[in-house]
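Engineer: Please read through the structure below; I'll follow up with questions.
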Amino acid sequence: MKLDILALGAHPDDVELGCGATLAKEIANGKKVGIIDLTRGELGTRGSAEKRDQEAAKAAEILGLAARENLKFADGFFVNDKEHQLEIIKMIRKYKPDVVLCNAIRDRHIDHGRGSKLVSDACFLSGLRRIETEIEGTQQDAWRPKQVYHYIQWENITPDFVVDVSGFIEKKVEAVLAYDSQFYDPKSTDPATAISNPTFLESVTYRAKDLGMLIGVEYAEGFTAERFVAVDKLDDLI
Ligand SMILES: [Zn+2]
């Protein structure tokens, strides 16, 4: 199955938090979108890996994803080496995305920056035909995505471009709230975390509102690019 966009995140919920509205908009525009979670978030203070699996499946349904897989790397400890790169290369060659979205280049959680570089390196290596991979006994062809962009999540990184997501922020919040073990739940007895605070979700929508204000729309999500963002004509920009 070929996907138009493949978004990868170190933990289930990273993609929803970083670019959930952008994905909802692309899906509404007919694009085929998938998510690959690198870990099951098993070190998370709240909930459990099994609960996160269920939450991720629910969020996938809300967003209307064409595919979602989990590579089951070790939360907190996966490294950027050949073994891990090959697992991601297999996914890139399986889904042949034109655009890959991955974690922020640096962030509060140490897995985000590391995961970001790991995915970015794998996207390059995936284009080299002498790196041989196979999936379910079938040899895979080399595939390099046209673009690799990094969604902004916790740290307030200055974006290289922003996407107008007005009309899709509600869908993003709905997908994020599928992770009910992680966010504000007055009934939960799990310890409080930086994201279980009731103001956390407000900060997510506030940031989208702030970015939207800067480009004259209601809501926007920001990304950084690894090379210059190019346009065909000057009026391509909104
Ligand atoms: Zn994360």
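Quick note: the coordinates plus some simple rules give every number you see, no bench work behind them. If you're wondering where the values come from, they're calculated on a predicted model, not measured in any experiment. Don't worry about glycine lacking a Cβ; one is built from the backbone with ideal geometry, like all the others, and counts go over all protein chains shown.
Engineer: Based on what the data block shows, is Gly18 buried (at least 16 other Cβ atoms within 10 Å of the Cβ), within 14 Å of the ligand (Cβ to nearest atom), touching a residue at least 60 places away in the same chain (Cβ under 8 Å) and in a loop (DSSP other than H, G, I, E, B)?
Structural biologist: no
Engineer: Next question. Filter region 69-89 for residues that are surrounded by 23 or more Cβ atoms within 10 Å (Cβ to Cβ) and touching a strand residue (DSSP E or B) at 6+ places or on another chain (Cβ under 9 Å) and give the result.
Structural biologist: Ile88
Engineer: Still on this model: Considering only residues that are of a type in the set (S, T, N, Q) and under 23 Å from Gly216 (Cα atoms), which ones fall in region 120-172?
Structural biologist: Of everything in region 120-172, those that are of a type in the set (S, T, N, Q) and under 23 Å from Gly216 (Cα atoms) turn out to be Gln153, Asn156, Thr158, Ser166.
Engineer: Something else about it: Looking at Gly44, Gly9, which one is within 16 Å of the ligand (Cβ to nearest atom) and out of contact with any Lys or Arg (no Cβ under 9 Å at 6 or more places or on another chain)?
Structural biologist: Testing whether each residue is within 16 Å of the ligand (Cβ to nearest atom) and out of contact with any Lys or Arg (no Cβ under 9 Å at 6 or more places or on another chain) leaves just Gly9.
Engineer: Quick check on my filter: what residues within region 26-56 are part of a helix (DSSP H, G or I) and either closer than 22 Å to Ile169 by Cα or not acidic (Asp, Glu) (or both)?
Structural biologist: Glu26, Ile27, Ala28, Ala49, Lys51, Arg52, Gln54, Glu55, Ala56
Engineer: Let me confirm something: among Leu201, Leu177, which residue is within 16 Å of the ligand (Cβ to nearest atom), surrounded by fewer than 22 Cβ atoms within 10 Å (Cβ to Cβ) and of a type in the set (A, V, I, L, M)?
Structural biologist: Selected residue: Leu201, the only one of Leu201, Leu177 that is within 16 Å of the ligand (Cβ to nearest atom), surrounded by fewer than 22 Cβ atoms within 10 Å (Cβ to Cβ) and of a type in the set (A, V, I, L, M).
Engineer: Residue under question is Glu155, and the condition is that it be out of contact with any Asp or Glu (no Cβ under 9 Å at 6 or more places or on another chain) and either under 22 Å from Leu214 (Cβ atoms) or part of a helix (DSSP H, G or I) (or both); does it hold?
Structural biologist: When the stated conditions are applied, Glu155 does not pass them.
Engineer: Let me ask something else about it. Scanning region 90-108 for residues that are farther than 18 Å from Glu69 by Cβ, of a type outside the set (Asp, Glu) and surrounded by fewer than 20 Cβ atoms within 10 Å (Cβ to Cβ), which turns out nearest to the ligand (Cβ to nearest atom)?
Structural biologist: Only one residue tops the list, namely Arg108.
Engineer: Out of curiosity, is Ala59 buried (at least 18 other Cβ atoms within 10 Å of the Cβ), out of contact with any Lys or Arg (no Cβ under 8 Å at 6 or more places or on another chain), assigned to a loop (DSSP other than H, G, I, E, B) and of a type outside the set (Ser, Thr, Tyr)?
Structural biologist: In short, no.
Engineer: Another question, if that's okay. Taking region 1-15 only, how many residues are in contact with a His (Cβ under 9 Å, 6 or more places away or on another chain) and not in a helix (DSSP H, G or I)?
Structural biologist: The number of residues fulfilling the criteria is 3.
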